[in-house]
Amino acid sequence: MDLIVFPPRELYAVLCALRNVALENHRFTSNERALIEGVARMHGADLSADDLYPITFEHVARIVRDPHRRKRAVELAIVTSLVEGQPSAQTQAQVADLAAALEVDTCELEVLAKLAHGHGLMARFDMFRRFTGFIRGLDDFPGVLKFALPMLGLSGDPATAKRYRSLGNCAPRTLGRAYYDFIVDNGFKFPGEPGGMPLTFHDLGHVLAGYSTDPQGEIQQAAFQAGFVRENGFTFLLFGILQFHVGMRITPIAKSYEGLFDVPRVLEALRRGAACKVDLTAGYDLIGNKDRLLEEVRTELGVPPLVAPFAKAS
């Protein structure tokens with residue numbers, strides 16, 4: 001998910017539009033300011049959100065012409081509407097008006113509309129369908145039964161499980177050993193074991209990014225994934241916000257939480273993921289690279305270090 005997409009004039013117009021969305025409920029919170037100012041900093045601009053002017057969405061449409069950048073503007077508006085949790089119908093209407101002016105139509109707009117109008121179950125279903133559709137579209141997706149049955153603990157593949165368990169024989173500080181330790185330390189099952197995840201990109205992403213598996217770590221990991229996914233990465237960002245901030249339980253394998261959208265941390269995770277040179281959902285040869293040093297792999301893939309202000313407090 002590319003981040004630095006707006007030229008200066010377009011950026012200013014989009015930030016003004018985000019301020020419009022945030023102010024629709026007549027409150028401009030510190031988190032909403034942090035989001036707008038954080039997006040500006042990603043583009044190399046330093047400004048105060050309070051200094052932005054009201055703008056009509058038709059004016060935004062005259063300035064932002066590129067379809068890709070228009071879509072990004074609407075996605076940012078959706079995020080803005082969710083910063084404080086459950087969106088109001090009025091805030092959702094502002095996002096819809098911006099999308100209409102920019103001639104953008106995405107399924108995420110439908111999710112937001114259902115959520116804002118009290119149809120949470122339908123929004124959850126739509127988001128689950130969107131998320132699982134992405135998973136089914138991956139090149140290494142093994143098929144519905146071979147994906148679902150192991151996760152439910154109803155089947156396994158002993159040969160695959162043995163291959164991943166052998167990563168415990170890798171030297172310390174290698175990629176293979178780091179992955180092995182991550183699975184064991186968190187009490188997870190290995191691919192091939194009953195209860196194990198057949199696809200490795202999420203857990204491998206945790207290893208590379210350094211985020212924990214507590215709820216705060218998971219929303220950052222969702223943002224990191226949104227960054228490195230080249231096609232429809234916004235699905236992961238929205239998933240993380242809904243599951244770990246709005247309180248919508250999208251999948252049965254993870255609890256839902258409220259109030260965990262730490263804006264600076266999530267934006268930093270998104271930035272780190274976008275810097276990654278490889279889309280891990282397209283497949284990464286963990287076994288073939290198991291004996292390489294973890295830091296060497298991070299450097300090769302372009303994963304920025306997890307700096308102290310954003311690392312988990314001890």
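What does the charge count near Asn289 come to, summing +1 for each Lys or Arg and -1 for each Asp or Glu among other residues with Cβ under 11 Å from its Cβ?
Once positives and negatives cancel, what remains is -2.
In this structure the chain gives 46 Å² per residue of accessible area when probed at 1.4 Å with all protein chains present. Rolling a 1.4 angstrom probe over the chain with all protein chains present gives an accessible area of which 54% lies on carbon and sulfur atoms.
Given Lys71/Lys277; Lys71/Lys146; Lys71/Lys189, which pairs have Cα atoms separated by over 31 Å? In this structure, Lys71/Lys146; Lys71/Lys189 lie more than 31 Å apart at Cα.
Please give the helix 8-23 orientation as an angle from the longest Cα principal axis of the chain, in degrees from 0 to 90, rounded to the nearest 10. Result, in degrees: 90. The angle between the Cα long axis of helix 215-228 and the longest principal axis of the Cα atoms of the chain comes to about 80 degrees, rounded to the nearest 10.
Using the rule -39500 (n - 2.57) for each DSSP H run of four or more residues, divided by the residues of the chain, the 222 nm mean residue ellipticity is -17000 deg cm²/dmol. Among residues other than Phe134 with Cβ under 14 Å from its Cβ, the summed charge is -2 (Lys and Arg +1, Asp and Glu -1). Helix 89-102 and the longest principal axis of the Cα set of the chain meet at an angle near 90°.
Compare Glu296, Glu218 by solvent-accessible area with a 1.4 Å probe and give them largest first, with all protein chains kept in place.
Result of the area sort, largest leading: Glu296, Glu218.
The values are calculated or read from the model by the stated rules, or taken from the named source; none is laboratory data. Note that this is a predicted model, so its numbers are computed, not measured. All Cβ positions, even for glycine, are placed from backbone atoms using ideal geometry, and neighbour counts span all protein chains on display. Note: areas computed on protein heavy atoms with side chains; ligands, DNA, RNA excluded. Shrake-Rupley method; radii C 1.70, N 1.55, O 1.52, S 1.80 Å.
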